[in-house]
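Step one of this worksheet: look at the structure below.
The values are calculated or read from the model by the stated rules, or taken from the named source; none is laboratory data. Note that this is a predicted model, so its numbers are computed, not measured. Cβ placement follows ideal geometry from the backbone for every residue including glycine, while neighbour counts extend to all protein chains displayed.
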Amino acid sequence: MALLAFSDTFKMDKVLTVRAILHIFIEPGKIEDVGEALAKMPEIIDVYEVTGEYDIIATAKANDLHKLRSLISEKLMKIHGIKAVTTSVVLHTYKLNGKEVFE
């Protein structure tokens, strides 16, 4: 598991939240199972099956970096079929849901 952590927060619904982009490597034949398992997790916001280096890209939110770390190590890495996760913590958002964001 590679955690590229940059400590910053994103204000969302009046709660300080850490947002992260998860680049997930999946074992052959397990992409559907992993995608469905991720989609059921409340901390996971979006799940995309993609082409390229990674098999799935997902976005997640947590209250702080400690909870993000726990999400990755205690939940994601225990999902059968996930080989590795590379995480990028969002430092700043310029556009969200098609709208410019001024933080």
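Return the total of residues in the range 17-33 being basic (Lys, Arg) and under 14 Å from the mean Cα position of the chain (by Cα).
Here the count works out to 1.
What number goes with the only condition from (1) free of Cβ contacts under 8 Å to residues at least 40 places away in the same chain; (2) part of a strand (DSSP E or B); (3) among the hydroxyl-bearing types (Ser, Thr, Tyr) that Ser70 does not pass?
(2) is the only condition that Ser70 fails.
Tell me which of these Thr17 doesn't satisfy, since it passes every other one: (1) modelled with pLDDT of 95 or more; (2) surrounded by 15 or more Cβ atoms within 10 Å (Cβ to Cβ); (3) not hydrophobic (A, V, I, L, M, F, W, C).
Thr17 satisfies every listed condition except (1).
Would you mention how many residues in the range 40-56 are surrounded by fewer than 16 Cβ atoms within 10 Å (Cβ to Cβ) and of a type outside the set (D, E, K, R)?
Going through the range 40-56 one residue at a time, the tally reaches 7.
What about Ala60, is it surrounded by 15 or more Cβ atoms within 10 Å (Cβ to Cβ) and farther than 14 Å from Phe25 by Cβ?
yes
Given the criterion under 15 Å from the mean Cα position of the chain (by Cα) and modelled with pLDDT under 95, identify the matching residue among Leu91, Leu68.
Just one listed residue meets the conditions, Leu91.
Anything in the range 63-103 that is on the phi < 0 side of the Ramachandran plot, surrounded by 13 or more Cβ atoms within 10 Å (Cβ to Cβ) and touching an Asp or Glu at 6+ places or on another chain (Cβ under 6 Å)? List them, or say none.
Correct list: Leu71, Lys83.
Could you count how many residues in the range 84-103 are assigned to a loop (DSSP other than H, G, I, E, B), of a type outside the set (Ser, Thr, Tyr) and under 27 Å from Phe25 (Cβ atoms)?
Within the range 84-103, residues that are assigned to a loop (DSSP other than H, G, I, E, B), of a type outside the set (Ser, Thr, Tyr) and under 27 Å from Phe25 (Cβ atoms) number 3.
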